[in-house]
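Asker: Take this structure, written in structure tokens, and hold onto it; I'll ask about it next.
Every number here is computed from the coordinates shown, using simple stated rules; none is lab data. Note that the structure is a prediction, hence the values are computed from the model and not measured. Here the Cβ positions follow ideal geometry from the backbone for every residue, glycine too, while neighbour counts run over all protein chains shown.
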Amino acid sequence: MTKFKKYFSIFLIYSKNTLSRDISFRLSFFMSLIGSFCFVALNFFIVYFLMQKINIGRWSYDEMIILLGNFYVLSYSIFLLFWRGFLHLVRDIRSGIFDYNLVRPVDSQFLVSLTGGGFHNLLSVVFGFFVIGWGIVNLGSGLNLIQIVAWTISMLLGILACYSYILLIITLNFRYGYLEEVINLAFGFQDFARYPIDAFSKLPFYLLFFAIPFSSLTTIPSIILIDTIFPTSKFLVFSVICVIFILFVRKVWVISLRNYTSSS
Amino acid sequence: MNKTVIEVKNLKKYYQVYKKEPGIAGSIKSIFNRQYFDVKAINDVSFKINEGELVGFIGPNGAGKTTTLKTLSGLLYPSDGRINVLGINPSDRNPILQKQFSLIMGQKNQLWWDLPIWESLLLNKAIYEIPDDEFNQNINELTDLLDLKDYLHIQARKLSLGQRMKSELLVALLHTPKILFLDEPTIGLDVVAQKKMRDFIKEYNHKHNATILLTSHYMEDVKELCKRIIVIDKGKIIYDGSLEKIVSKYAKYKIIKIDFDNKPDIKKLEEIGEVKALDDFHAKIYVPREESIKRAIHLLEHFEITDFVVEELPIEEIIRQMFENSK
């Protein structure tokens, strides 16, 4: 508990400092806020008009709305919590500033992951929740407690799995250096999560390798909210795979640090 | 007797790097075919440092000084050998050890660049779990010593290099570390700021009985701060001992500086020793160390001089000679 308190207070300080820094550059801060509002307006248009024209497999309009809401929550939570920290990490590994993270009495993965929030993305996350709510209201089936708990667990695991995937790519920087573009690509793969797994049934295998895992990060939480019969086996398989993957990436991170060569 | 706080035995750190031919053709070739070779950054280094010692770690660029400090702080894993810092292997990155040392790198900063120093202090307070009263006491003490009271609420990027370096020290020493690894702490500072930084390091060492391992290219730092030096070259220790002893052990010459009444005869002067500098009334001559008295007497007997002094070679010169001999 004390450890949690310590880490939470560090997270709060980093968040406060990041926000203070963002606000101190007024123009940039307002521009990013305006960007977020534009994002919400544009995506509202997409959800309200364009989605009615799209038909994917068994997914109805309202179900696709829920899936899209899940995508916004997942994707922009990653941007909200981790994006800037990861970008800084690539730069800091090259400049050697990352070294300081390794000599502090705090877990280095925590320090590099949760210390560079992008707060303007909060609006997009809130929009995601709004879209999910809208879809559920339109479906008219309501939600029970089990669905809410299972959705929360699956969404948290989904966010962590997605984060772990990007972290896995970043750890390659320790060995190969300067992988900024690859990280952008890793973030790009998130876009597969915009569509349900059914949408990719005709893709070649090598694309499925990327598409299915990302797509499942939103498909499973959406099914939990949509299906009237709780998808127990899908939920369990999804959770176990996510947990294994998250633990695997943690192990890779620890091993990679052993090979860290620092910068002169 | 002081206890040993740092013990290094047969430490080795090898890197694998690849040879790249110059130009774009070399870059393209390196995509398909890379020739790797090992760089022996640290090659079988052993030493012990006692509590409260202030040790200078000196050597040319690429000698292995910074790599040694990084390995001692647990930042890098050794390829081979044993390290023990305060009874703990630093490679374990144990928070108990990490709370007891600080690594300060003169060329890298850990301050929040766009925020006041105060914010970086609050962050370190949380990271090192410093209680409120200790935090306030340390801030008062350190800001007094470092003359930083008026700068705590100014953004790091707006500070001068000297103020920033002092702020780096302030942030790094907030948790009162028992061991300091200082990598070029005075680099880029002007002479006055260098002096202030040295005074502070000395004061911290005395006050807290802190063990300090310092690398620097400025010999003034080493001369003023360190009784013991470790000289490293190509990853190997070539000298470990007191600063005074390095002179008697490695200096082959002494310097005689002379003021003349009249312009001296250069040929006669060259009989005394190697003339390094000469103008109408002053000369600087290198004489073999063991014959310095004999040569000085000869000088007094054969020249009309107003003043003369026999000096040891500057420490920089001795170390330069050491590096040349080790090639």
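Asker: Would you mind listing how long the range B:127-268 runs along its three principal axes, going by Cα atoms, in whole Å with the largest first?
Answerer: 72, 36, 28
Asker: How big is the antiparallel share of DSSP beta bridges in the protein assembly as shown, given as a percent to the nearest 5?
Answerer: DSSP beta bridges in the protein assembly as shown are roughly 70 percent antiparallel.
Asker: Another one. Rounding to the nearest 10 and keeping the result within 0 to 90°, find how far the Cα-based axis of helix B:117-127 lies from the longest principal axis of chain B.
Answerer: Its long axis makes an angle of about 60 degrees.
Asker: Hey, what's the per residue convex hull volume over the C-alpha atoms of chain B, in cubic angstrom?
Answerer: In chain B, the Cα hull volume divided by residue count equals 212 Å³.
Asker: Does the range B:1-135 come out rounded, prolate or oblate, given a ≥ b ≥ c as the square roots of the eigenvalues of its C-alpha gyration tensor, rounded meaning a/c under 1.5 and, failing that, prolate meaning a/b above b/c?
Answerer: Note, shape of the range B:1-135 comes out oblate.
Asker: Rounded to whole Hz and in sequence order, give me ³J(HN,Hα) for the range B:188-194 from the Karplus expression 6.51 cos²θ - 1.76 cosθ + 1.60, θ = phi - 60°, writing x for Gly and Pro.
Answerer: x, 7, 6, 4, 5, 5, 4
Asker: What fraction, in whole percent, of alpha-carbon pairs in the range B:64-147 exceed 18 Å separation?
Answerer: Roughly 56 percent, once rounded to a whole number.
Asker: Can you give the average number of partner chain beta-carbon atoms within 10 Å of each beta-carbon in peptide A:94-104, as a whole number?
Answerer: Mean partner shielding for this stretch: 6.
Asker: For the range A:229-235, take each phi angle, set θ = phi - 60°, evaluate the Karplus expression 6.51 cos²θ - 1.76 cosθ + 1.60, and give the result in whole Hz per residue in order, putting x for glycine and proline.
Answerer: In residue order, the calculated couplings are 9, 4, x, 4, 5, 4, 4 Hz.
Asker: I'd like the Karplus ³J(HN,Hα) series for the range B:46-57: coefficients 6.51, -1.76, 1.60, θ = phi - 60°, whole numbers in Hz, and an x wherever there's a Gly or Pro.
Answerer: Using θ = phi - 60°, the values come out as 9, 6, 10, 10, 8, 4, x, 6, 10, 10, x, 10 Hz.
Asker: Okay, next question. If the convex hull of the alpha-carbon atoms of the range A:75-220 is projected onto planes in all directions, what is the mean projected area in square nanometres?
Answerer: 10.7
Asker: Kindly provide the Kirkwood hydrodynamic radius of the range A:48-132 in Å, to one decimal, from all pairs of distinct alpha carbon atoms.
Answerer: Its Kirkwood hydrodynamic radius stands at 15.0 Å.
Asker: A further question on this structure: Taking the alpha-carbon set of the range B:182-225, what are its Rg and Dmax in Å?
Answerer: Considering the range B:182-225 through its Cα atoms, Rg and Dmax are 9.9, 28 Å.
Asker: Determine the principal axes of the Cα atoms in the range A:164-245, then give the extent along each, sorted from largest to smallest and rounded to whole angstroms.
Answerer: Over the range A:164-245, Cα extents along the principal axes are 48, 28, 19 Å.
Asker: Something else about it: How large is the dipole of the range B:215-308 about the Cα centre if only Lys and Arg carry +1 and Asp and Glu carry -1, each at its Cβ, rounded to the nearest 20 debye?
Answerer: Computed about the Cα centre, the dipole is about 660 debye.
Asker: Projected area of the range A:88-129, taken from the Cα convex hull and averaged over every viewing direction, in nm²?
Answerer: Projected over every direction and averaged, the Cα hull of the range A:88-129 covers 3.8 nm².
Asker: Next up: Do you know the relative contact order of the range A:149-264, to the nearest whole percent, from alpha carbon pairs under 8 angstrom that are 6+ apart?
Answerer: 41
Asker: Among B:THR71, A:THR171, A:THR232, which comes first, then next, by fewest other beta-carbon atoms within 10 Å?
Answerer: So the residues, fewest neighbours to most, are A:THR232, A:THR171, B:THR71.
Asker: Now for a separate question. Per 0.36 nm of contour for each residue apart, how much would the distance between B:ASN10 and B:GLU129 grow if the chain were fully extended, relative to their Cα-Cα spacing?
Answerer: Contour length minus Cα-Cα distance gives 39.4 nm.
Asker: Hey, got the dipole for chain B? About the Cα centre, +1 on K and R Cβ, -1 on D and E Cβ, debye to the nearest 20?
Answerer: So the dipole magnitude of chain B works out to roughly 1540 debye.
Asker: Between A:SER15 and A:PHE49, with labels modelled 7 Å along Cα→Cβ, what's the label distance in nm to one decimal, could you check?
Answerer: Between A:SER15 and A:PHE49, the simple spin-label model gives 3.7 nm.
Asker: Along the charge dipole of the range A:134-264, Cβ charges K/R +1 and D/E -1, which of A:TYR260, A:TYR163, A:ASN173 sits furthest on the positive end?
Answerer: Of A:TYR260, A:TYR163, A:ASN173, it is A:TYR260.
Asker: Here is a further query. Averaging over every viewing direction, what projected area does the convex hull of the Cα atoms of the range A:1-117 cover, in nm²?
Answerer: 10.5
Asker: For a quick size check, give me the Cα extents of the protein assembly as shown along its three principal axes, largest first, whole Å.
Answerer: Over the protein assembly as shown, Cα extents along the principal axes are 115, 58, 47 Å.
Asker: Which one, B:THR71, B:GLN137, B:PHE181, projects farthest toward the positive side of the charge dipole computed for the protein assembly as shown from Cβ point charges (K/R +1, D/E -1)?
Answerer: Looking along the dipole axis, the top candidate is B:THR71.
Asker: Order these by the 10 Å Cβ neighbour count, fewest first: B:TYR204, A:TYR48, A:TYR72.
Answerer: A:TYR48, B:TYR204, A:TYR72
Asker: A further question follows. Peptides B:3-15, B:220-232, B:289-301: what's the order by average Cβ count within 10 Å, highest mean first?
Answerer: Ranking, from highest mean packing down: B:220-232, B:3-15, B:289-301.
Asker: Based on DSSP H runs of at least 4 residues, each adding -39500 (n - 2.57), what is the mean residue ellipticity at 222 nm of chain B after dividing by all its residues, to the nearest 500 deg cm²/dmol?
Answerer: -11500 deg cm²/dmol, from helical runs alone.
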